[in-house]
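Everything on this sheet refers to the single structure shown next.
The values are calculated or read from the model by the stated rules, or taken from the named source; none is laboratory data. From a predicted model like this one, the values you see are computed outputs, not experimental measurements. Please note: Cβ atoms are built from the backbone with ideal geometry, for glycine as well, and neighbour counts cover all protein chains shown. These area figures cover heavy atoms from the full protein model, side chains too; ligands, DNA and RNA do not enter into them. Shrake-Rupley method; radii C 1.70, N 1.55, O 1.52, S 1.80 Å.
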Amino acid sequence: MNSLKGDAKAFRPRFDSAIKKSSIRKTSQAKDAVNLASTLEKQASSALNELKKTKKGDSVPAMLCTASQIERSMTDLKLDPQTTGWDKIRTDLNQVSKAFGIAPATASGDQNTIPCLQAVDAGQSKKLVDERLQVSPATHPPCNSQNCPDYGKTEVARDL
């Protein structure tokens with residue numbers, strides 16, 4: 001987890017630079033992408049602190065969701081994972097997800113998704129939706145408890 005925190009910190013400025021050179025530069029999509037990288041960095045730090053204090057990984061599914069959104073952006077924009085450092089983060093995320101028994105979300109979206117409210121309790125659903133909306137209030141489709149993107153059955157199984 002410590003490695004993930006460091007790699008996320010190093011990734012953010014590289015990703016920001018790549019976004020500024022991409023086809024979405026100077027758009028709201030670019031701002032959303034940059035916010036995702038910042039969110040991932042904060043989530044990695046929070047997850048490490050949570051692990052140290054409680055020995056739990058309750059925040060890991062949300063972090064994997066954010067990572068999935070970043071990976072999707074990188075794939076869509078054809079950003080080089082080696083240049084940005086994403087390959088290191090992907091390796092770290094795979095290790096973390098295995099440690100907590102969670103299948104990582106994928107950029108291809110091949111996992112089956114169900115609404116957050118059906119997947120987890122109302123409190124956890126609200127927390128996940130709030131985290132998504134902090135990244136961007138203009139998510140497409142709109143994020144709510146009936147439609148929380150990238151929160152798949154594999155993550156739900158760990159939470160239940």
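Remarks
- When residues of segment 20-32 are limited to those that are of a type in the set (D, E, K, R) and under 18 Å from GLU131 (Cα atoms), the one least open to solvent (accessible area, probe 1.4 Å): ASP32
- Residue check for SER22: at negative phi, part of a helix (DSSP H, G or I) and among the polar types (S, T, N, Q): no
- Test: residue in segment 32-39 that is assigned to a helix (DSSP H, G or I) and touching a Gly at 6+ places or on another chain (Cβ under 8 Å): no
- Hey, ALA105 at pLDDT 90 or above and over 17 Å from SER3 (Cβ atoms) or not: no
- The C-beta contact set for segment 25-40 (first residue without any contact (Cβ under 8 Å) to a residue 24 or more places away in the chain and within 21 Å of ASP7 (Cβ to Cβ), second residue open to solvent by 20 Å² or more (accessible area, probe 1.4 Å) and assigned to a helix (DSSP H, G or I), distance under 9 angstrom, 6+ apart or interchain) comprises VAL34/ARG12; VAL34/ASP16; VAL34/LYS20.
- Tally of residues being out of contact with any helix residue (DSSP H, G or I) (no Cβ under 7 Å at 6 or more places or on another chain) and crowded, with 20+ Cβ neighbours inside 10 Å across segment 33-66: 1
- Looking only at residues in segment 72-91 that are under 18 Å from SER3 (Cα atoms) and within 13 Å of the chain's Cα centre (by Cα), the one that is surrounded by the fewest Cβ atoms within 10 Å (Cβ to Cβ) is ARG90.
- Any pair with Cβ under 6 angstrom, 6 or more apart, that starts in segment 73-86 at a residue that is at positive phi and ends at one that is assigned to a helix (DSSP H, G or I) and open to solvent by less than 30 Å² (accessible area, probe 1.4 Å): GLY85/PHE11
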